Amino acid sequence: MPAVSLRKLVLSAAVVAVFPLAAQAAPAQPNDFIEVFAKIFGEHKGIRKGHAKGVCATGDFTASAEATARFDAALFSGSAIPVSYRFSLAGGNPAAPDYASSPRGLAAQFTLADGSKHNIATLTTPVFGAKDPENFLGLLQASVPSADGKPDIAKIQAFRTAHPDTQPQAQWLAANPPPWSYATAEYFGIHTFYLVDKGGEKVKIRWHLQPKDGVKGLSAKEIAQQNADFLDGRLKQRLADGAVEFDWIISFGEAADSENDPSVQWPARPTLNAGTLRINTSGDGSCVNINFDPNVLSGGFSASDDPVLRMRSPAYAISFGKRLSGQ
Ligand code: HEM
């Protein structure tokens, strides 16, 4: 082979190696999300770029005897562990109406006896809005308002049709009313995590928080009243009667259950009630300077390779840095 064509061959092989996905969407970058949130929701300096509207709360967590018996994880020691919470509405609009048909969030930061932290940040939908960061970003980009300030519904629909993984969360939201109270919703961890049991086996888990007050949504009449701000007050009022509690229900996955796709719910699996999350007070500033990065995990827990879960750390870090510096 002549030297020049060999060089061409090596060069084109290098190009293919560097741009193997040239025909596909470019990998989403963490800052792409920050930028597209600003385009959809506007710039709101000094506050969270996602889940902009929310309320802090405080309380604790006590693991169940079953969890203590099965796992060595310090989080499941059985002693009361202090927790900082934040309830929120999805999206970057700090004035989002409380009757909006969108996920609610519950984030919790556990501070263990040795000072180490464990974070969770959950949604009221059992699945996420896309299977990977690229499709989530594509959906957000399709949702950016047009020149007239309104979202282009046909464009959003076309994206959803072309990307079926973006449909289940929307279908769930259409079929279930927004929560009546932050205390009357189930909250889902959505991603797969791993937890080492006492026999040293790494078990595959997902989990959700089950409200002891029961699940209750807004009625059609209440939604029509368009009361934009009742969730914080309703939580405070409820707490005047005593602690709000959630059971932490862990599901144990089987081999076929997805580890990396948060748009797919597992079928019903064997569960364990790992303990009680308790909320005692709400409405102070205790969570303002917390970054509830869900990859901050205490001993015994580890994250899956779910690309959405992986993307959350850098995106939250950018949002955290910006809001701490008043941007
Ligand atoms: C690629 C996907 C995602 C991106 C880019 C993203 C982005 C963000 C950002 C920028 C924030 C604000 C962070 C801060 O300033 O502290 C946030 C908050 C939040 N996100 Fe996500 N998120 C994603 C996926 C998820 C998923 C899958 C869940 C639930 C399973 C979730 C639940 C939450 C919750 C509950 C909060 C509020 C946390 C708090 O109260 O501080 N997010 N998200």
Quiz item: Do we find a residue being under 22 Å from the mean Cα position of the chain (by Cα) and not hydroxyl-bearing (Ser, Thr, Tyr) anywhere in the range 65-75?
Solution: yes
Quiz item: When the range 253-282 is examined, which residues are found to be outside any loop (DSSP other than H, G, I, E, B), farther than 14 Å from LEU209 by Cβ and open to solvent by 40 Å² or more (accessible area, probe 1.4 Å)?
Solution: ASN280, THR281
Quiz item: Of the residues that make up the range 73-88, is at least one in contact with a Lys or Arg (Cβ under 7 Å, 6 or more places away or on another chain), in contact (Cβ under 8 Å) with a residue 12 or more places away in the chain and farther than 24 Å from VAL215 by Cβ?
Solution: no
Quiz item: What single numbered condition from (1) open to solvent by 60 Å² or more (accessible area, probe 1.4 Å); (2) touching a residue at least 40 places away in the same chain (Cβ under 8 Å); (3) near the ligand (Cβ under 10 Å from one of its atoms) fails to hold for ASN289?
Solution: (2)
Self-check item: Tally of residues being polar (S, T, N, Q) and either within 16 Å of the chain's Cα centre (by Cα) or within 10 Å of the ligand (Cβ to nearest atom) (or both) across the range 32-60
Solution: 0
Quiz item: Tally time: how many residues in the range 159-200 are among the aliphatic types (A, V, I, L, M), in a helix (DSSP H, G or I) and crowded, with 21+ Cβ neighbours inside 10 Å?
Solution: 1
Quiz prompt | 3 or more residues under 23 Å from LYS45 (Cα atoms): qualifying strands (runs of 3 or more DSSP E) within the range 77-156 | solution = 81-89, 104-111
Exercise. Within the range 291-305, identify whether any single residue is of a type in the set (Val, Ile, Thr) and in a loop (DSSP other than H, G, I, E, B), and answer yes or no.
Key: yes
Self-check item: Single condition PRO103 does not satisfy, out of (1) over 26 Å from ALA147 (Cβ atoms); (2) buried (at least 17 other Cβ atoms within 10 Å of the Cβ); (3) more than 10 Å from the ligand (Cβ to nearest atom)
Solution: (3)
Quiz prompt | Selection count, the range 241-252, where residues are more than 16 Å from the ligand (Cβ to nearest atom), in a strand (DSSP E or B) and closer than 19 Å to ALA185 by Cβ | solution = 3
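The values are calculated or read from the model by the stated rules, or taken from the named source; none is laboratory data. Note that the structure is a prediction, hence the values are computed from the model and not measured. Because the Cβ atoms are built from the backbone with ideal geometry, glycine has one as well, and the counts that use them run over all protein chains shown. All accessible areas refer to the heavy atoms of the entire protein, side chains included, with ligands and DNA or RNA removed. Shrake-Rupley method; radii C 1.70, N 1.55, O 1.52, S 1.80 Å.
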